[in-house]
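Rule-based calculations on the coordinates, nothing more; no lab input. Please read all numbers here as calculations on a predicted model, not as lab measurements. Glycine gets a Cβ as well: all are built from the backbone with ideal geometry, and neighbour counts include every protein chain shown.
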């Protein structure tokens, strides 16, 4: 394992000069994990997986997912589609009306995957689960991250707009903050997607390249996936030189509803249908 890591390390660092966020995260997982054995089949030009951010308890169940995002990579067009699912989305879980983020609490990533499949009407096999503890430790390992906070977000968070240098916990608070937005979770989704774009830019700065292996080591034992190394290496190589303008940010549209005294986000059927036809037609059933 150590010799394999050494052989890959140089190529990882070279690749990271061009890397986008999802590739960096996935490479971290697979170059250090021992159980990535899933083989992939299907369209060689496209790859779909679920990215789930969960509370940092280390438990498979009992914790809700705070962030859910379908990520579709097209290696031919060199594009990434980030499809965010609001955490308060109203869904059916085992015959009960629930928020979609409760699926992880009840049945871990397996139930979360099944819930997303049923809700979106898609075939979905692969996942990456990132505990927030890993985000904090990874950012701290590189000495923090510079984030340009726009005026609307700054007002909601009661901080000054403009450039901020966030340590790990501060960055996590930034992407998880939701109470001050006029549109609550939708405002938080916009912040998360913008964070990903800025994180990509920050990680590809020359000053941060020597720090990335340290960040990887900090995150290695905390991230879970069922994607195999061969596929991830192919994805990484395909996305060398990718322009961040090819990262497309999408979210489900809907409205807030009250059901049995609980506030939910009800997604419009036409929004699901539009996303299925525009982005997920190769996975829809």
Protection-proxy order for peptides 150-159, 247-256, each taking the mean of Cβ atoms within 10 Å per residue, highest first: 247-256, 150-159
Nearest-0.05 FRET efficiency for residue 217 and residue 255, computed from C-beta distance (R0 30 Å): 0.10
Neighbour-count ranking [beta-carbon atoms within 10 angstrom, fewest first] of 115, 67: 67, 115
